[in-house]
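Beneath this line is the structure, given in C-alpha cells, with notes to follow.
The values are calculated or read from the model by the stated rules, or taken from the named source; none is laboratory data. Quick caveat: nothing in here was measured; it's all calculated off a predicted structure. Cβ coordinates were reconstructed from backbone atoms using ideal geometry, including for glycine residues, and neighbour counts include every protein chain displayed.
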Amino acid sequence: MSPEPNSSGSRKPEGPSPDQILRQVAPYLTLGIQLAAGIVIFFLIGWWLDTRYDTSPTFKLIGLCVGSIGGLIKFLKSAVEFGNKEKSP
C-alpha cells in the first residue's frame, strides 16, 4: 500500500526522513553515555588505587563521588547548551 500523492504529485511521505530525525536526536543520546562513562572511569581509578595501597573502599567511594559530580556537571552543561541551540533560529 503506497502513500497517497501529496500536493506536489509525488508519493513520498511528508515530514522528516529517518536520517534527519537521527541527526536531531543523536546529541541527546550521547548525554547518558557521557554520564555513565565519567562515573565508571573514576570508580575504576579508585579501585586501582585501593588495590595498590590496600585502602578499600576509600578510593572507590571517592572516585564514585567525583565521577558522579563531574558527570552530572558535564551532563547539565551539555543539556543547557543543546537547549540553547534549539531555541536559536
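Listing for the model above:
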| item | result |
| --- | --- |
| Index of the failed condition, residue 71 passing every other in (1) modelled with pLDDT of 80 or more; (2) surrounded by 10 or more Cβ atoms within 10 Å (Cβ to Cβ); (3) outside any helix (DSSP H, G or I); (4) of a type outside the set (Val, Ile, Thr) | (3) |
| Long-range neighbours under 8 Å by Cβ, at least six apart or interchain, first residue closer than 25 Å to residue 50 by Cβ within the range 64-89, second among the small types (Gly, Ala, Ser) and part of a helix (DSSP H, G or I) | 64/46; 67/38; 68/38; 70/38; 71/36; 71/37; 71/38; 74/38 |
| Residue check for residue 20: closer than 16 Å to residue 79 by Cα and either part of a helix (DSSP H, G or I) or touching a residue at least 24 places away in the same chain (Cβ under 8 Å) (or both) | no |
